[in-house]
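Okay, structure first, notes after.
The values are calculated or read from the model by the stated rules, or taken from the named source; none is laboratory data. Fair warning: this is a prediction, and the values are worked out from it, not measured in the lab. Positions of Cβ are generated from backbone atoms using ideal geometry, with glycine treated the same way; all protein chains shown enter the neighbour counts.
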Amino acid sequence: MTVDERLEALAQSVELLAAMQRDHEKQQDNREKRQDNRMQQLEDLMGQIMEATARLVHTAELHSERMNGHETTSGAARRQVK
């Protein structure tokens with residue numbers, strides 16, 4: 001193998017490596033975009049869960065207040081009956 005043939009083989013190897021690197025970078029960019037999309041979806045879902053939880057807490061507080069009101073009213077009614 002002559003020096004020119006070796007240089008040509010080396011140049012082809014470098015071109016192949018460069019192409020492989022570009023492909024790898026494209027794949028990595030695509031992975032990062034998908035991961036960003038998934039992260040955004042998770043953040044949106046977490047926000048929805050937090051909002052729903054806050055509504056449930058509010059409903060539970062209202063229910064508790066009503067139950068406390070009924071207990072007070074029923075206790076007063078029992079005292080009046082006696």
Tabulated pairs, the range 45-66, first modelled with pLDDT of 95 or more and among the aromatic types (F, W, Y), second in a helix (DSSP H, G or I) and surrounded by 10 or more Cβ atoms within 10 Å (Cβ to Cβ), C-beta under 8 angstrom, 6+ apart or interchain: none
Of the residues that sit in the range 1-32 and are part of a helix (DSSP H, G or I) and of a type in the set (V, I, T), which one is surrounded by the most Cβ atoms within 10 Å (Cβ to Cβ)? V14
Scan the range 10-48 residue by residue and report those that are among the aliphatic types (A, V, I, L, M) and under 29 Å from the mean Cα position of the chain (by Cα). M39, L42, L45, M46
